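Asker: Have a look at the structure that comes next, please.
The values are calculated or read from the model by the stated rules, or taken from the named source; none is laboratory data. Being a predicted model, the structure only gives us computed values, none of them experimental. Note: ideal-geometry Cβ built from the backbone for every residue, glycine included; neighbour counts use all protein chains shown.
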Amino acid sequence: MRAKIISIPVQDQEKALKFYSDKLGFVKKVDVPLGEGNRWLTVVSKEEQDGPELLLEPSPNHFEPAKIYQKALFDAGIPYTQFNVDSVQQEYERLINLGVEFSIKPTEMGTVKIAVFNDSCGNNIQLVEMK
Amino acid sequence: MIMLIQNMMMTFYQREINRIKDICYSNERQIDAVVRTRNFIDNNFDKEVNLILLSNVGFASKFHLLRLFKKYYGQTPKQYLTDKRIEKSKENLKKGMTVTETCLSVGFECPSSFSTLFKSKIGLTPIEFQKRATFAK
């Protein structure tokens, strides 16, 4: 068994693809039409294209509990998932310049530094740097 | 009063972060010791690294440091070092280094033990991994 997919619920797949590509720098890997405008849509990290794929799935639009769960996490400020970066501070500054909103600015937390931003698709995402 | 209002304005997650920080990360001396140890491994993974050396870097006795490292990183220094070496060896194999060159470049001494370890961690031998990486280009 292998873990290859990290699923992220998004409210608008096209908008999510733009955000994850243009702002975060991920690269589209798989895009399969599934009818009625839905897609099996994955992106990968540019530096690690054989790494895990992020599945941008439109679950909040089709399954009410998914929508409620996503909103509850978002309102509580809880990240849906997290990405590793070499420097949280540099990535924070780069993303702020691109208009990305942060709910938690770069914060030292013991052996890691974290920051949390809004992915504009209904999720908080945490950036992590190991110290 | 101001503190109370500030606390109320925080999200649930911000309050959780502060709570966990207080519980887990309040001992700065311990954190300094493990961060220094980890940085040392990151910068010296290609050389011989052992617990005696690390205990000098971390200013702590061998077994105390071992416990602290495990407590803060969830892995022993040895496990962390091995993962680091395997990660670097993947980069070097992708660049086209031979298996023996790769093995020595990341601090392992014996190519056959390296190949066995690599296969157990990655699921492919270094040569198979290299072939796939070259093919994917």
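Asker: In this structure, is B:I41 in contact with a Pro (Cβ under 9 Å, 6 or more places away or on another chain) and surrounded by 14 or more Cβ atoms within 10 Å (Cβ to Cβ)?
Answerer: Judged against the criteria, B:I41 is a match.
Asker: Looking at segment B:59-79, is at least one residue in contact with a Lys or Arg (Cβ under 8 Å, 6 or more places away or on another chain) and within 13 Å of chain A (Cβ to nearest Cβ)?
Answerer: Yes, segment B:59-79 contains at least one residue that is in contact with a Lys or Arg (Cβ under 8 Å, 6 or more places away or on another chain) and within 13 Å of chain A (Cβ to nearest Cβ).
Asker: Need pairs with beta-carbon distance below 6 Å; first residue free of Cβ contacts under 8 Å to residues at least 24 places away in the same chain and within segment A:32-51, second outside any loop (DSSP other than H, G, I, E, B) and of a type in the set (D, E); sequence gap 6+ or separate chains.
Answerer: Pairs that qualify, where the first residue is free of Cβ contacts under 8 Å to residues at least 24 places away in the same chain and the partner is outside any loop (DSSP other than H, G, I, E, B) and of a type in the set (D, E), are A:V44/A:E53.
Asker: Another question, if that's okay. Quick one: count up the residues across segment B:75-95 that are modelled with pLDDT of 95 or more and more than 19 Å from the chain's Cα centre (by Cα).
Answerer: The number of residues fulfilling the criteria is 1.
Asker: If a residue has to be within 14 Å of chain B (Cβ to nearest Cβ) and without any contact (Cβ under 8 Å) to a residue 24 or more places away in the chain to count, how many in segment A:89-116 make the cut?
Answerer: The number of residues fulfilling the criteria is 10.
Asker: Moving on. Can you tell me how many residues within segment A:115-131 are at pLDDT 95 or above and not in a loop (DSSP other than H, G, I, E, B)?
Answerer: Residues that pass the stated criteria total 10.
Asker: Given the criteria in a helix (DSSP H, G or I) and surrounded by fewer than 16 Cβ atoms within 10 Å (Cβ to Cβ), does B:D22 qualify?
Answerer: The answer is yes for B:D22.
Asker: If you don't mind, another one. How many residues does segment A:68-78 contain that are touching a helix residue (DSSP H, G or I) at 6+ places or on another chain (Cβ under 7 Å), touching a residue at least 24 places away in the same chain (Cβ under 8 Å) and within 14 Å of another protein chain (Cβ to nearest Cβ)?
Answerer: 2
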